[in-house]
Amino acid sequence: MKIPFKLVITTPILFTSILLSACSGHPGAGQWQSVGQESAQYSALELEFDGKGTLHPSSTVTGQEKKADLWCIWQAKSSHVLDVQCGDEYHRDTKLKFELRVTEGEGTANNSAVLTQNDVTVAQFERKP
């Protein structure tokens, strides 16, 4: 039995593209910088593709000047929403839960996001270039 040439060539390519698309990163992963809010509690958020991250307190906000960076873990809640849990470097004293919602839609290119805590916006971010 002869297998058509097109089937032999396209099958591995199709299989590889399916595997790669299943492993693509979440649009929330990346480096985010606070914009448009001088009173934002957090100045930056870095979310790695491995589910870890760092949340940087804003030094310009009263009460945040000397706070250390928070170490975070995240998981996808939906295609454009992440659950982010942060704590101090030992994850003992501080346990904060956030939600990062990446703006979706045509033309937005997933370059803006809102960080909320208990449904209150604590920072608005743009993706760092």
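The values are calculated or read from the model by the stated rules, or taken from the named source; none is laboratory data. What you see is a predicted model, and the numbers here were worked out from it, not measured in a lab. So basically every Cβ, Gly included, is an ideal-geometry build from the backbone, and we count neighbours across all protein chains shown. To get the accessible areas, we keep the full protein, side chains included, count just its heavy atoms, and leave off ligands, DNA and RNA. Shrake-Rupley method; radii C 1.70, N 1.55, O 1.52, S 1.80 Å.
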Reachable aspartates and glutamates, given that their alpha-carbon falls under 17 Å from the alpha-carbon of residue 52 and they are not under 8 places away in the same chain: 69, 83, 88, 89, 99
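Please work out the FRET efficiency for the pair residue 75 and residue 39, using the Cβ-Cβ distance as r and a Förster radius of 25 Å; give the result to the nearest 0.05.
Numbers: r = 28 Å, r/R0 = 1.14.
Efficiency computed from Cβ-Cβ geometry: 0.30.
Students sometimes get this wrong: rank 46, 126, 38, 89 by accessible area, probe 1.4 Å, all chains present, largest first.
Details: 46 45, 126 95, 38 165, 89 115 Å².
The ordering from most to least exposed comes out as 38, 89, 126, 46.
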Expressed in nm to one decimal, what extension gain is obtained for the pair residue 67 and residue 54 from 0.36 nm per residue of sequence separation less their Cα-Cα distance? 3.4 nm
